[in-house]
Structures are given as structure tokens and as C-alpha cells.
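Undergrad: Below: one structure in C-alpha cells.
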Amino acid sequence: MQKKFVTNLALLLLLNLLIKPFWIFGIDRTVQNTLPEDYGMYFVLFNFSLLFNIILDLGITNFNNKHITQNNNLLTKYFSGITVFKMMLFVIYLIITFGVGWVMGYDSERFFVLLFLAINQFLVSFIQYLRSNITALQLYKTDSFLSVLDKTLMIVFCAILLWGNVFDFPFTIMHFIYAQTLAYAITAIIVFSIVITKTTHFIFTIDGSFLKQILIQTFPYALLVLTMVFYYRIDAVMLDIMLPDGERQVAIYAQAYRFMDAFNQFGVLFAGLLLPMFAFLIKDNKTVAPLVKLSFSLLFVLSVTITGFMFYHAREVMDLLYDFDTQYSSNVLIVLMFCYVFIATSYIFGTLLTANGSLKLLNKIAVVGLVINVALNFWLIPQHHAVGAAIASLATQAVIIIAQVIVSKKIFNFKLNVNFLVRISLFALIIFAFFFGFKQLQFSLITHLLIAAMVGVIVGLLLKVIDLKGIWLILKNKVE
């Protein structure tokens, strides 16, 4: 299982590192600089469309992945009914999203943008469900390529619109959104075509008793995701509502948030691979400790190295990529990067608890996190604006990951490895100390970045935070 994790993670990371940075730092950044105010509105509505995103899924994707991983024959039984049900959920999602938007006083322009963002959310949710079937069947290489298909298409479409000189009309935020819609639609069709070949039949119908069974089992997970989405995404909405220059503050926050969101994709990739693997190990009563330690070590080294680099170079990075308010947004970025370390860790332990079915405990943790986040936002945003929202996120994520680690230790009876804790603490201290000293040398930003990456790997290996020998044994299939 660890061998599958390492080899497929390597492929997944390679493909995503080739494609997604160009989308985030090439296309998305260009749109932010070209249309800063419009992008601020887009970012608010994008986050707003995510608030009720769980209605599109209700935990079905996780339910589906877990059960089909354990019994592949269920794919044919589940596929037709879930596909139809997700279309019904889209209608409910639209009604609720537009209803809340109407209560908040959105005008016709915002509703038009929101309509296409809502369609995009449905397509993303449907693609994730379809891909859950592919990973459940352990077609990890296929899923790795599908994970970058939508972004690849978006890059092509947006590049044509931005730099192709094919059309004589000016680029607008709606063209950016249309490109996403088209890319998601094409991806959904391709993934659907792959999944349907793995079934024996597909009937466009729905079984009420089957759906009732799913809803009963997935409700705790749906509640968990709803709560998590609120404390992840409510910041931008609250900035927009609470401040007179809300759209500007959101645009500043979005500059920094896009970096954290980009680096979060590593955690998302880890979680996508780990969920079926954890579920398989738990089902067979095998220990999860080696896989937890391996995945945590890799993600910890990555997140701390990135955070250390950004702590000393945030302003330079922002000046390089953006044209406005970079001093302020660099302060937001520093806070959010510390938040990233906690979020990255949560992708390991949160996924482990989800695979174990410990949703009641996760819901309690998430509700506490939501209360803390909203309360801190109300307190900090009026005084500190976008930085205040970032501080609220940092405090929330710290509380959540501490709780998840404590609960995981109790459930899986993990032993407290003091030696390992000392090594990861030393790793973090050495990384920040080295980057501080190296900052004094007058090298280019790209040189600093390359050396930071090398130092992170070398220090991780020297302190044995990264167990290179263990990884090598896994790849040689000497470790189960």
C-alpha cells in the first residue's frame, strides 16, 4: 500500500507541478492584474458559491469511494442513481444559492456571474464524484492524468482569449468564467465516458430507497463539509459585507489566498490518494501508522520549507506577480502561509478520521472551528481588515489540527514518538534560521527559491524527517 502511495503520488505531483502553477501564476494572476476590481467581485462570488457547495454532494463522493473501494461490484448498482440524484441536487443548490443572494441584495450583474459560477460548482462536484469511482477501482494513473485535464483546457482557452489576438473584443471577467465552464464540461464528458465503460449497464432512473440509505449514511459527512467550507470561505464574504471598501480588501486578500490555495493542492492530492488507502487498511485491520508517518513527513517538509521561504520573501514575490497593494497583501500572505502548515497537516489526520468513519468527532471539531472563525472575523476585520481575516484563519486551523491529532492518537493508539517530534521541531527551526541568514545575501529570487528547495530536502534527509531508506525499500516492494 505504501508503494502504491509513493509511486502514484510521484506521478500525481509531477503532472500537477507541470500544469497548475501556470494556471495559478500565469493565467489567474494575469486576470487579477488586468481586472483587479472585477476579480475582487469574482472572488467574493466564487467563495459565496462554495458556501452551499455541499448540497451538490452531501457526502456522496466519499461514501461512493469508500464502498466501491471495498466492493468494486457496487459501481454498476450505484452509478445510475447517484448520477440522476446529483442533477436533482443541482436544482436545489441553485434555489438556495440564489435565495441567499437575493436576501443579501445582489443585483442582476452579480446574479448573472453567480449563475455560471454555480454551474461550474456543479461540474466540479460531478467530476469529483466520477473520479472517486476511478480511484476506488485503483486506476490511479488514469486519475492522475484526469486531475490536470480541466486546468490544461482552461490554460488553452484563456491563453487564446488573453494573448491569441483571435477576437476583437476586450477580455472580461465573464470570458474567464466561460473558459472555466467549457473546460469543466469537456472534462466531465470525458471522465463520464471512462467510468461508464466500467459498468455493465446504465439506466437513467432513481431508486428512492437507495437514496434514503445513502442520505442516512452521508448526512454526518455532509454536515462536516458544510461546516468546513464556511470556516474556509466565509472570510472573503465577511470582508465584502463588513467593510466600505470590501471589494478592494477582498482583492488584496485574494492575492495572498491564491498562493495558499495553490500550495493546498499538494494536500488535496495527498488526501485523494490516502482516503481509499486508509479505508482499505482499516477494513483489513492493518496498521495505518507507517502510512500516516510517511505522508505527514513528506507534507510537513514541503509546507514548512515553502512557509519559511515566503516568510522572508513575501514582498518580493508579491511585487513580482502583482501591480497593486503588494505591501499589504504580502503581510496577509505571511499569516496565511503559517495557516498552510496547519491545513496541510489536517489533510493527513482529517482524511484518516474520515476513512475511519469518525464523522461525529470531526463534526464537533469543525463546529468549534466555525464558531472561533466567525467570532474572530467579527472582532479582527473592522480593525485589521484583510490581515485580520488571515489571523482568524490561522487561529482556527491551529485549534482544528491540534484536536484532530489528539483524537487520531486516541483512536488508533499512536505511540508518542518524542524523537520524531524533536526532529521535526529542529527541522522547522533550522529552516527558518537558515533562510534568515541566506536572506542577507544578494541573490535573485529564483536563486533563493532553488536553494530553499534544496536546503529543505537536505535538512529533511539529515534529520531523518524524510526516511529515504524507507521510501527506497517501499519502491523496491520490500515493505508491504
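Undergrad: Between ILE190 and GLN442, what is the label-to-label distance in nm when each label sits 7 Å out along the Cα-to-Cβ direction?
TA: Modelled inter-label distance: 4.8 nm.
Undergrad: Continuing with this model, one more query. Using the Cα centre as the reference, give the magnitude of the dipole from point charges on the C-beta atoms of segment 147-250 (Lys, Arg: +1; Asp, Glu: -1; all else neutral), rounded to the nearest 20 debye.
TA: Rounded to the nearest 20 debye, it is 400 debye.
Undergrad: Here's another thing I want to ask about it. Projecting each Cα onto the charge dipole of segment 2-475 (Lys/Arg +1, Asp/Glu -1 at the beta carbon, about the Cα centre), which of LEU115, VAL341, VAL418 comes out farthest on the positive side?
TA: VAL418
Undergrad: Give me the number: length gained by fully extending ASN419 to GLN213, i.e. 0.36 nm times residue separation minus the C-alpha to C-alpha distance, one decimal in nm.
TA: On the way: separation 206, 0.36 × 206 = 74.16 nm, distance 4.60 nm.
Separation in residues times 0.36 nm, less the Cα-Cα distance, equals 69.6 nm.
Undergrad: Let me make sure I get this right: for segment 174-315, a, b and c are the square roots of the gyration tensor eigenvalues over alpha carbons, sorted descending. Under 1.5 in a/c it's rounded, otherwise prolate if a/b > b/c, else oblate. Which is it?
TA: Values: a/c = 1.83, a/b = 1.28, b/c = 1.44.
In terms of gyration-tensor shape, oblate.
Undergrad: Another one. Report the paramagnetic label zone for VAL399: residues of segment 356-378 whose backbone N is under 20 Å from a point 7 Å from Cα along the Cα-to-Cβ axis.
TA: The answer is 359-378.
Undergrad: Could you work out how far the C-alpha centroid of segment 395-427 sits from that of segment 256-271, in angstrom?
TA: If we compute the Cα centre of each part, the gap is 21 Å.
Undergrad: Given 0.36 nm per residue, what is the gain on full extension from LEU182 to ILE203 after removing their alpha carbon distance, in nm? Working shown, then result.
TA: Details: separation 21, 0.36 × 21 = 7.56 nm, distance 2.62 nm.
Full-extension gain reported as 4.9 nm.
Undergrad: Could you pull out the pairs from LYS77/LYS283; LYS20/LYS410; LYS212/LYS410; LYS415/LYS464; LYS141/LYS464 whose alpha carbons sit more than 27 Å apart here?
TA: Numbers: LYS77/LYS283 21 Å; LYS20/LYS410 37 Å; LYS212/LYS410 32 Å; LYS415/LYS464 18 Å; LYS141/LYS464 29 Å.
The answer is LYS20/LYS410; LYS212/LYS410; LYS141/LYS464.
Undergrad: Let me ask another. Classify segment 31-97 as rounded, prolate or oblate, taking a ≥ b ≥ c as the square roots of the eigenvalues of its Cα gyration tensor: rounded when a/c is under 1.5, otherwise prolate if a/b is larger than b/c and oblate if not. Walk me through the intermediate numbers first.
TA: Details: a/c = 3.71, a/b = 2.36, b/c = 1.57.
Prolate.
Undergrad: Taking each pair of distinct Cα atoms in segment 2-475 once, what is the resulting Kirkwood hydrodynamic radius in Å? Present the calculation step by step, with values, prior to reporting the outcome.
TA: Details: mean 1/r = 0.0429 Å⁻¹.
Taking every pair of different Cα atoms in segment 2-475, averaging 1/r and inverting gives 23.3 Å.
Undergrad: Tell me the net charge near ILE402. Cut-off is 15 Å between Cβ atoms, ILE402 excluded, with +1 for each Lys or Arg and -1 for each Asp or Glu.
TA: Details: positive: LYS364, LYS409, LYS410; negative: none.
It works out to a net charge of +3.
Undergrad: Give the calculated FRET efficiency between VAL156 and MET104 to the nearest 0.05, with a Förster radius of 30 Å applied to their Cβ-Cβ distance. The partial results should precede the final answer.
TA: On the way: r = 35 Å, r/R0 = 1.17.
Result of the calculation: an efficiency of 0.30.
Undergrad: If you keep only loop residues by DSSP, which trypsin sites (Lys or Arg not before Pro) in segment 280-388 have at most 13 other Cβ atoms within 10 Å of their Cβ?
TA: Values: sites: LYS283, LYS286, LYS293, ARG315, LYS360, LYS364; in loops: LYS286.
Sparse-neighbourhood loop trypsin sites (Lys or Arg not before Pro): LYS286.
Undergrad: May I pose another question? To the nearest 20 debye, what charge dipole does segment 2-475 have about its Cα centre, counting +1 at the Cβ of each Lys and Arg and -1 at the Cβ of each Asp and Glu? Could you put the intermediate results ahead of the total?
TA: Working: 29 positive and 21 negative charges, 468 e Å.
Roughly 2240 debye, rounded to the nearest 20.
Undergrad: Taking every pair of Cα atoms in segment 283-441, average 1/r, invert it to obtain the Kirkwood radius, and report Rg/Rh to two decimals.
TA: Numbers: Rg = 17.8 Å, Rh = 17.4 Å.
Ratio of gyration radius to Kirkwood radius for segment 283-441: 1.02.
Undergrad: Now for a different question. So what are the ³J(HN,Hα) numbers for segment 159-176, from phi and the Karplus equation (6.51, -1.76, 1.60; θ = phi - 60°), rounded to whole Hz, Gly and Pro as x?
TA: Result, ordered by residue: 4, 5, 5, 7, 10, x, 6, 8, 10, 9, 9, x, 6, 10, 5, 5, 5, 4 Hz.
All of the numbers you see were taken from the coordinates with simple rules; none came from a lab. Source: prediction; values computed, not measured. Reconstructed Cβ throughout: ideal geometry from the backbone, glycine too, with neighbour counts over all protein chains shown.
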